[in-house]
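We did not get these values from a lab; they are worked out from the coordinates using the rules stated. Keep in mind it's a predicted model, so treat the numbers as computed, not measured. Glycine also receives a Cβ, built like all others from the backbone with ideal geometry; neighbour counts cover every protein chain displayed.
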Amino acid sequence: MDTERFKKLMEEDYAYNSSLKVRVFQGLLLMRKYIPTATIESAEHDIVYSVGIEKLVEAGITEEDVKALRDMNWHIEGGEYLAHFV
């Protein structure tokens, strides 16, 4: 997988559910399968940011796990980082 495929998978339709705030933690746990040090890198008023998608691709993330992150309401912010509204 490359970053373009990652982005394409993240852009596919999914059912956003704002009540699933626990998905932030679940997404971080999933990312830690590939990058053991993955955590919240920064935060703003209503959004948290985590690792860059390039790092996840380099670590070997699968298409299945990219789709899982998408379904947990994670998205790509700034074209390169995973983020989640809280």
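Which ordering of Leu9, Leu28 is given by a fewest-first count of other beta-carbon atoms within 10 Å?
Working: Leu9 16, Leu28 20.
Placing the least packed residue first, the sequence is Leu9, Leu28.
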(message) With Cα Rg over 2.2 N^0.38 Å as the read-out, I listed (i) 1.45; (ii) 0.97; (iii) 1.58; which label goes with the value calculated from this structure?
(response) (ii)
(request) Rank Leu69, Leu29, Leu56 by mean-square fluctuation in a GNM of the chain with C-alpha springs under 10 angstrom and give only the top-ranked residue. (result) Leu29
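Could you compute the longest span of the chain free of chymotrypsin sites (Phe, Trp or Tyr not before Pro) located in DSSP loops and having at most 14 other Cβ atoms within 10 Å, not counting the site residues?
On the way: sites that count: Tyr14, Tyr16.
In the chain, the maximal stretch lacking such sites is 17-86.
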